[in-house]
Amino acid sequence: MRTGEFRTTYAADMAIFETPLARWSLGVFLVLLFLLPLMATNYWMDVVNRICIAVIGAVGLNILTGFTGQVSMGNAAFLAVGAYSTSLMANRWDLPWMVTVPIAGLVTALVGMVFGTPSLRLKGLYLAMATLAAHFIVEFTVVHWESVTGGVNGTSVPAARIFAFALDSDTRLFYLIASIAVALVFFAKNLFRTKVGKAFIAIRDQDISAEVMGVNVYKHKLLSFGVSSFYVGVAGSLLAYQARIISPENFPLSVAIDYLGMIIIGGLGSILGSILGAIFITLLPELLRLLTGALSGALPGLVQLFASLRIGVFGLAIVLFLIFEPDGLAARWHTIKNYWKLYPFSY
Amino acid sequence: MESLQSRRNTIRGAVVIGLLFSLEAFAQGEIKVGGLFDLTGITSDVGKPYAQGVRDGVQWVNENGGINGKRIRLVDVDYGYKIPEAVAAYKRMTGDEKVIMINGWGTGDTEALKEFVNKDKIPYVSASFSGHLTDPAKTPYNFFVAPSYSDELRAWLSWVKSDWKDKSRAPKVAFFYGDNAYGKAPIEAGRRFCKENGIDLVDEEIVPGAFQDATSQLLNMKKREADYAYINVTTTGVSIILKDAKKLGLSTKFGSNPYGFSEALPGVAKDAAEGVTGVMPHVPFGEKVPGMKRLTDFHLKNHPNDTHDALYVRGWSYVLVWSEALKRADKDKALNGEGVKKALEGLHNFDLGGLTSNVTYTPTDHRPSTKTPIYMIQSGKLVKVAEYDMPRKPEWLGL
């Protein structure tokens with residue numbers, strides 16, 4: 001809190017925007033975001049769409065891991081559930097996205113709650129292993145339930161459409177994905193101003209104290225699994241509409257690890273952190289690709305190293321963040337913001 | 001009314017000028033062709049020499065007149081044998097780079113992209129010979145330059161029949177294949193061919209995409225007493241299976257698909273590769289055929305110390321086929337997706353100087369050829385032992 005800033009009501013203390021300037025700058029950001037398709041090429045719209053999808057998934061995972069303290073390795077699996085249920089609904093019953101996206105979210109929420117049941121007894125590393133089982137069970141199902149999933153060959157998903165208007169390019173799809181992402185981010189931001197959200201945080205900080213205070217720990221853990229998986233399911237559903245072809249290769253375990261990387265690098269227990277982390281992890285391979293492409297004239301061997309380079313830089317980034325900025329990009333952002341707020345008289 | 005007329009005229013004039021400018025730019029410019037390669041994924045063992053073949057082929061075409069004077073620019077991407085990466089690369093190539101056609105790679109990604117290329121009218125010449133890509137009624141924009149995987153397996157099974165001397169019982173055959181679209185592509189065709197031709201298919205063993213050990217699958221196969229086994233994975237996988245089989249002392253005669261069989265196999269599997277047969281739709285590098293001279297000349301001029309194999313020849317023959325189609329499309333003033341497709345479908349008995357069988361596509365049949373040579377490894381060398389020509393049965397189209 002800045003010097004000279006007094007809060008006299010609880011409402012002021014709970015406000016999302018501390019100053020009118022914050023509100024306005026967010027407004028300007030959103031306007032610019034929605035003007036993006038006018039400037040960006042198809043390739044960058046593809047990247048931006050993947051970032052928006054990653055934001056939804058990362059916010060979802062952060063609700064569970066960052067805010068409720070339940071580690072999950074099942075994120076790739078939950079994405080797959082969302083994507084394949086969308087493909088099933090869109091292909092078999094020709095349902096529009098307005099139906100498939102929320103239902104995919106609900107189906108995934110249900111699946112997430114089922115795999116969340118061990119959280120009654122398990123914590124930390126043990127829960128991580130239990131959710132890892134979810135990954136392998138879902139992966140096995142996807143590969144072998146060929147009539148629904150198309151097996152290893154994958155399955156194609158028809159383009160989302162608004163009436164007769166097909167959202168068959170990344171530019172068109174952007175408005176749908178970005179709107180849903182913005183709405184879900186606002187929902188998550190508000191969630192932690194409610195009783196349920198506070199209960200999640202209480203469970204993360206000390207589950208025994210939370211129980212003593214009257215929080216139904218198990219109910220809220222399951223609820224957190226449900227909400228989180230809903231987010232991831234929606235992300236999976238949008239992923240299906242964006243990629244248009246989904247196969248088990250879209251959902252390897254490394255995706256679950258990428259998502260954990262997003263919230264670690266972005267900041268555990270921070271909505272802003274989820275967004276920054278999602279942007280960072282999604283952009284990382286693209287920037288590396290551009291870099292290796294640009295350098296391929298001078299160093300022809302570099303392109304072949306690209307895949308290992310990506311993994312190496314990803315690992316290095318996580319280690320460096322854990323050492324130098326354990327609270328992630330979000331904390332760094334606050335430091336920078338506070339510095340400029342009092343510039344040139346920072347203390 | 002008058003002003004509307006004049007505005008129309010202005011628009012027309014603008015369109016004509018715009019067209020002229022774009023034609024001008026086109027005439028001087030280059031032709032962009034997408035190249036989707038696997039340099040780092042599970043098939044990179046064969047993906048790298050193939051990619052080099054395509055790149056060198058493009059360079060050779062450019063140095064020898066190009067496409068009626070225009071240069072080809074290969075927009076290439078390493079997609080690591082990952083379908084999502086291939087889809088992203090496809091979007092980049094068609095959306096930003098506006099490539100006219102694509103030289104693709106794997107079966108999984110090619111089959112996944114088939115609806116995209118059909119909608120976007122992008123001729124897609126894949127290194128996958130999956131039989132599913134041969135029926136233009138279903139996949140009008142998919143092409144490849146070899147007999148289909150299915151026809152190759154049928155040819156190898158025909159060789160098994162001729163090699164089998166014991167008339168008291170039918171030969172017992174096993175299939176080894178990878179748990180992916182490439183591995184599974186010809187299996188159904190093989191099953192049916194066995195049934196129709198009195199071959200006893202006793203076992204099917206599935207191996208993971210990348211694996212280090214095949215002992216358990218080989219022991220399973222041993223229990224079923226297979227006399228012959230067809231391996232449908234790439235060279236690294238084939239050599240692992242062959243070495244494990246030698247360790248276990250199996251007497252089964254192994255055969256391999258075209259991506260597991262080249263000069264590289266005896267190099268990797270050493271004496272375990274002795275007596276192994278394989279289908280070879282493209283000749284080994286340096287084979288005495290008329291079409292080989294430009295490859296060896298190019299090789300001596302640019303990288304005389306490199307070693308090359310049949311995969312490299314395969315890359316070249318792809319470029320030779322689609323660059324011919326580009327030339328014809330350009331002559332017809334139809335240098336676009338539909339024009340190139342039409343030009344490819346106009347290739348009739350197109351002669352590649354023996355690098356591979358002559359290529360014919362028609363609007364109703366995209367099987368480029370049906371002739372499959374079978375080679376055997378004899379004291380470390382590839383020796384041609386047979387060649388089978390499969391009939392163009394209508395019921396085999398797309399299988």
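Points worth noting:
- Under-27-angstrom lysine pairs by C-alpha in chain A, whenever the two are 8 or more apart or on separate chains: 15
- Pairwise label distance in nanometres, B:ASN349 with A:LEU95, each label 7 Å out on the Cα-Cβ vector: 5.8
- Shape summary: segment A:22-252 maps onto an equivalent ellipsoid whose semi-axes, from the alpha-carbon gyration tensor, are 30, 24, 13 Å in decreasing order.
- Angle between chain B longest axis and helix B:293-302 axis [Cα atoms, degrees, rounded to 10]: 80
- Acute angle (nearest 10 degrees) that the helix B:235-248 long axis makes with the longest principal axis of chain B, alpha-carbon atoms: 0
- Bins of 10 Å from zero: percent of alpha-carbon pairs in segment B:99-140: 31, 65, 4
- Order of A:TYR126, A:TYR343 under a 10 Å beta carbon neighbour criterion, fewest first: A:TYR343, A:TYR126
- Taking only the C-alpha atoms of segment A:109-234, Rg followed by Dmax gives 18.7, 56 Å.
- Nearest-ten-degree value, helix B:44-63 long axis tilted from longest Cα axis of chain B: 40
- Listed pairs B:LYS247/B:LYS381; B:LYS341/B:LYS384; B:LYS48/B:LYS253 exceeding 30 Å between Cα atoms: B:LYS341/B:LYS384
- Neighbour counts of C-beta atoms inside 10 Å place A:ARG23, B:ARG169, A:ARG50 in the sequence B:ARG169, A:ARG23, A:ARG50, starting with the fewest.
- One quarter of the convex hull surface built on the alpha carbon atoms of segment B:193-257 amounts to 4.4 nm², the projected area averaged over directions.
- Average Cα contact separation per residue, chain B, under 8 Å, 6 or more apart, as relative contact order %: 18
- Segment A:1-120 - Kirkwood radius from inverse mean 1/r over Cα pairs (Å): 18.1
- In plain terms, the bigger the Kirkwood radius, the slower the diffusion; for segment B:60-158, with that radius from Cα pairs, at 10 °C and 1.306 mPa s, Stokes-Einstein puts D at 109 µm²/s.
- Most mobile listed residue (B:LYS331, B:LYS91, B:LYS119) in chain B, GNM with C-alpha springs under 10 Å: B:LYS119
- Amide N proximity, segment A:215-254 versus A:PHE136 label position 7 Å along Cα-to-Cβ, cut-off under 15 Å: A:253-254
- Long hydrophobic helices in chain A, taken as whole DSSP H segments with a C-alpha length of 24 Å or more on their own axis and mean Kyte-Doolittle hydropathy at least -0.5: A:20-39, A:42-61, A:75-92, A:97-116, A:124-144, A:170-191, A:217-243, A:271-295, A:302-324.
- When only alpha carbons of chain B are considered, Rg and Dmax amount to 22.8, 93 Å.
- Among the listed pairs B:LYS82/B:LYS342; B:LYS138/B:LYS342; B:LYS91/B:LYS121; B:LYS243/B:LYS288, those whose Cα-Cα separation exceeds 20 Å are B:LYS82/B:LYS342; B:LYS243/B:LYS288.
- In Å, descending, principal axis extents of the Cα set of the protein assembly as shown: 94, 83, 51
- The length gained by stretching the chain between A:MET129 and A:SER209 to full extension, at 0.36 nm per residue less their Cα-Cα distance, is 26.3 nm.
- Sorted by Cβ neighbour density within 10 Å, fewest at the top, the residues B:GLU387, B:GLU63, B:GLU324: B:GLU63, B:GLU387, B:GLU324
- Gained length - B:ASP166 relative to B:ASP297, 0.36 nm times residue gap less alpha-carbon distance: 42.4 nm
- Fraction of the pair-distance distribution of segment B:277-399 above 20 Å, Cα-Cα pairs, percent: 53
- FRET E, pair A:ALA164, B:GLU338, Förster distance 35 Å, beta-carbon r, rounded to 0.05: 0.90
- Residues A:ARG193 and A:TYR343, FRET efficiency given R0 of 35 Å [Cβ-Cβ distance, rounded to 0.05]: 0.70
- DSSP beta bridges in chain B [antiparallel fraction, %, rounded to 5]: 30
- Ordering of A:95-101, A:322-328, A:57-63, B:110-116 by packing [mean C-beta count within 10 Å, highest first]: A:57-63, B:110-116, A:95-101, A:322-328
- Packing around the peptides A:188-197, A:269-278, taken as the average count of other Cβ atoms within 10 Å per residue, puts them in this order, highest first: A:269-278, A:188-197.
Here, each number is a calculation from the coordinates, and none is a lab measurement. Predicted model only: the values in this text are computed from it and were never measured. In this analysis, Cβ positions are derived from the backbone assuming ideal geometry, glycine residues included, and neighbour counts consider all displayed protein chains.
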